[in-house]
Amino acid sequence: MDFLKLTYFMAVAKHEHITKAANELNLSQPALSRIISQIEEELGCKLFDRGGRQLHLNQSGKAFLDFCTRTMLNYKDLQSQLQEITSGTGGKLSIAVSFPYREPDWIDYFARRFVKGHRGVSFLLDNMDLEQIKHRLYTRETDIALSDVPIIGRNILWRDLFSESIGVIL
């Protein structure tokens with residue numbers, strides 16, 4: 001099933017008439033009839049009750065129309081999101097950290113600078129243990145991880161960013 005077939009079905013459902021829908025879609029009536037028959041065959045059920053030239057959506061047809069409507073709306077949302085991502089005006093950046101205490105000031109500083117420069121991008125900073133980080137990297141729920149301990153794993157690249165000196169004051 002492709003988006004074009006969904007569009008064709010939605011036009012027939014709107015008009016409840018093959019010829020009117022075919023005119024709107026600039027298709028021949030026989031071609032549109034074949035496409036509707038293919039959809040019904042693919043789904044394994046009739047979508048319309050037929051009465052002469054008039055069609056009426058049956059329960060299966062109403063359920064499929066609901067699916068088509070949601071799918072097309074989701075597709076339009078996806079197109080908008082992808083446009084924002086490719087233009088740098090939207091998207092999400094997820095960073096996981098394994099530091100046992102509150103995030104160091106430098107993370108907060110860079111996070112705020114990033115968000116300020118990329119207003120449409122949502123930013124998520126999560127504190128979690130190393131196994132959670134590894135899992136989220138593998139499932140791509142996290143884009144970047146910061147850890148004070150190396151994370152070793154298949155397709156994980158770990159690099160030192162810097163070293164800190166810690167002293168004791170007596």
Legend entry - Cα radius of gyration and Dmax for the stretch 38-92 (Å): 17.3, 53
Legend entry - Accessible area per residue, Å², the stretch 1-116 with all protein chains present, probe 1.4 Å: 65
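Nearest 500 deg cm²/dmol is fine: what mean residue ellipticity at 222 nm does the chain get from its DSSP H runs of n ≥ 4 alone, each adding -39,500 (n - 2.57), divided by its residue count?
Value at 222 nm, helices only: -16500 deg cm²/dmol.
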Legend entry - the stretch 80-87 - phi-based ³J(HN,Hα) in whole Hz, Karplus 6.51/-1.76/1.60, Gly and Pro as x: 5, 4, 5, 4, 5, 5, 5, 8
Inset, instruction - Using Cα pairs closer than 8 Å and at least 6 residues apart in sequence, work out the relative contact order for the stretch 1-98, in percent. - result: 22
Legend entry - Average Cα contact separation per residue, the stretch 41-117, under 8 Å, 6 or more apart, as relative contact order %: 13
Legend entry - Shape call, the stretch 69-170: gyration tensor on alpha carbons, a/c limit 1.5: prolate
Legend entry - Computed over the chain: relative contact order in percent, which uses C-alpha pairs under 8 Å that are six or more apart: 16
Inset, instruction - Would you work out which of 87, 107, 122 lies farthest towards the positive end of the dipole of the stretch 67-137? Charges go on Cβ: Lys and Arg +1, Asp and Glu -1. - result: 87
Legend entry - Cα convex hull of the chain - mean projected area over all directions, nm²: 15.8
Legend entry - Distance (nanometres) between label positions extended 7 Å along Cα→Cβ at residue 17 and residue 34: 2.4
Legend entry - Computed label-point distance, nm, for sites residue 76 and residue 138 using a 7 Å Cα→Cβ extension: 4.0
Legend entry - Check: the stretch 21-170 dipole with +1 on Lys, Arg Cβ and -1 on Asp, Glu Cβ, in debye: 520
Inset, instruction - Please list, or write none, the lysines whose alpha carbon is within less than 24 Å of the alpha carbon of residue 62, excluding same-chain residues fewer than 8 places away. - result: 5, 14, 20, 46, 76
Inset, instruction - Give the long-range amide H neighbours of residue 91: residues separated by 5 or more places, or on another chain, with amide H under 5 Å away, using H modelled in the peptide plane at 1.01 Å from N. - result: 122
Inset, instruction - Using only alpha carbons, build the gyration tensor for the stretch 9-104 and give me the equivalent ellipsoid semi-axes, biggest first, whole Å. - result: 45, 16, 10
Legend entry - Within the chain, longest stretch free of exposed GluC sites (Glu not before Pro) [DSSP loop, at most 14 other beta carbons within 10 Å]: 1-140
Legend entry - Fraction of accessible area attributable to carbon and sulfur, the chain (%, probe 1.4 Å): 54
Inset, instruction - Write out the trypsin sites (Lys or Arg not before Pro) in the stretch 71-150 meeting two conditions: DSSP loop, and at most 10 other Cβ atoms within 10 Å of their Cβ. - result: 102, 119, 140
Legend entry - Degrees separating the helix 105-117 axis from the principal Cα axis of the chain, which is the longest one: 40
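The values are calculated or read from the model by the stated rules, or taken from the named source; none is laboratory data. Fair warning: this is a prediction, and the values are worked out from it, not measured in the lab. Counting neighbours? That spans all protein chains shown, and the Cβs are built from the backbone with ideal geometry, glycine included. Note: areas computed on protein heavy atoms with side chains; ligands, DNA, RNA excluded. Shrake-Rupley method; radii C 1.70, N 1.55, O 1.52, S 1.80 Å.
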